[in-house]
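Novice: A single structure is presented below for examination.
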Amino acid sequence: MFSKECRKLRNFSSSVAIATALHSVAVENLKLTRKTLTRDMQTKLYALYDIVEPESNFRAYRDAIDDAASPQERDTCIIWLSFHLKELRKVLESHPATVTGVGDKHLINFERYTKFMDRIKEVAHYTPPDLEIHRYEGQLGFLLKSLKDFSLSSDTDDEQSARSHALAAQEESDYRTRKTHLKQLGFRVG
């Protein structure tokens, strides 16, 4: 749901963050929970991951950026910054800093910097959407409260991993004792 809203607002940075979190090891460990998702929900989950899929050279992300109702909308989005920074790095890595000129003199490779600037211009023309129309709809207050209540420590990743393993172990125990099946049949289970 949140990712769909992010895509609608063309906020690819948040869309990618959500997709990455939902396909993290901590969530992937919950195999039985994932199996209980409806087929429609599983399809949506995999479609969400498609945007960050490196196998196709991030084709889904590139298509999503180009998919807009109008040229003005196409230029309005919040980009996935790390993707574009990697693209800039590729340009620099594929062109040497200097070239050998007449008399074996090292000269600045202007082609390298021209291609680099071309790539920067491609990215720099995107502007964030005007969200002022949404100011009083409650999303900002919700976001600020959520961020205020959230604490991040150096142990957060370890805590999430431990919680994931505990939930996976609980899933396995419930599966062995058939608690899920019994609940589905209407029995009370403790």
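Novice: In terms of Cα to Cα distance under 21 Å, which lysines are near enough to residue 90, apart from those fewer than 8 places away along the same chain?
Specialist: The qualifying lysines are 115, 121.
Novice: Keeping all protein chains in place and using 1.4 angstrom, which order do 136, 175 fall into by accessible surface area, from largest down?
Specialist: Values: 136 200, 175 105 Å².
Largest accessible area first, the list is 136, 175.
Novice: Now for a separate question. Under 20 Å from the 7 Å Cα→Cβ point of residue 62, by amide nitrogen: which residues of the range 106-142?
Specialist: Output list for this probe position: 115-126.
Novice: Does the range 96-152 come out rounded, prolate or oblate, given a ≥ b ≥ c as the square roots of the eigenvalues of its C-alpha gyration tensor, rounded meaning a/c under 1.5 and, failing that, prolate meaning a/b above b/c? It would help to have the intermediate numbers written out before the result.
Specialist: On the way: a/c = 11.43, a/b = 3.02, b/c = 3.78.
Oblate.
Novice: What number comes out for accessible area per residue over the range 46-190 if the probe is 1.4 Å? Units Å², please. Don't jump to the answer; show the numbers that get you there.
Specialist: Details: 11400 Å² over 145 residues.
Ligands and nucleic acids excluded, the figure is 79 Å² per residue.
Novice: Follow-up question, since we're still on this one. Carbon and sulfur: what percent of the range 1-98's accessible surface (1.4 Å probe)?
Specialist: Working: 3750 of 6350 Å².
Heavy-atom surface of the range 1-98 belonging to carbon and sulfur, 1.4 Å probe: 59 percent.
Novice: Another question about this same structure. Which of 35/145; 35/179; 8/31; 35/183; 148/179 have a Cα-Cα distance over 27 Å?
Specialist: Numbers: 35/145 33 Å; 35/179 15 Å; 8/31 29 Å; 35/183 16 Å; 148/179 37 Å.
Those over the limit are 35/145; 8/31; 148/179.
Novice: Just in the range 101-182: which trypsin sites (Lys or Arg not before Pro) are loop by DSSP and have at most 13 other Cβ atoms within 10 Å?
Specialist: Numbers: sites: 105, 112, 115, 119, 121, 135, 145, 148, 163, 176, 178, 179; in loops: 105, 178.
Qualifying residues, ordered by number: 105, 178.
Novice: So if we plug the beta-carbon distance of residue 84 and residue 113 into 1/(1 + (r/R0)^6) with R0 = 25 Å, what FRET efficiency do we get, rounded to 0.05?
Specialist: 0.90
Novice: Also, I was wondering about something else. Hey, can you find the accessible area per residue of the range 1-42 for me, probe 1.4 Å, expressed in square angstrom?
Specialist: Solvent-accessible surface per residue comes out at 68 Å².
Novice: Here's something else I'd like to know. Please state the charge dipole magnitude for the range 102-190, taken about the Cα centre, from unit charges on C-beta atoms (+1 on K and R, -1 on D and E), reported in debye and rounded to the nearest 20.
Specialist: Charge dipole, the range 102-190, about its Cα centre: 360 debye, nearest 20.
Novice: If R₀ is 41 angstrom, what is the calculated FRET efficiency for the pair residue 35 and residue 120, using the beta carbon separation as r and rounding to 0.05? Can you show the working numbers first?
Specialist: Numbers: r = 45 Å, r/R0 = 1.10.
Once rounded, the FRET efficiency stands at 0.35.
Novice: Which FRET efficiency value, to the nearest 0.05, is calculated for residue 69 and residue 135 with the Förster distance at 22 angstrom and r the Cβ-Cβ distance? Numbers along the way, then the final one.
Specialist: Details: r = 23 Å, r/R0 = 1.05.
For R0 = 22 Å, the calculated efficiency reads 0.40.
The values are calculated or read from the model by the stated rules, or taken from the named source; none is laboratory data. Predicted model, so just to flag it, every value in this text is computed and none were measured. Here the Cβ is made from the backbone with ideal geometry for all residues, glycine too, and neighbour counts use every protein chain on show. The protein model used for the area step is the full one, side chains on, heavy atoms only, and it has no ligands, DNA or RNA in it. Shrake-Rupley method; radii C 1.70, N 1.55, O 1.52, S 1.80 Å.
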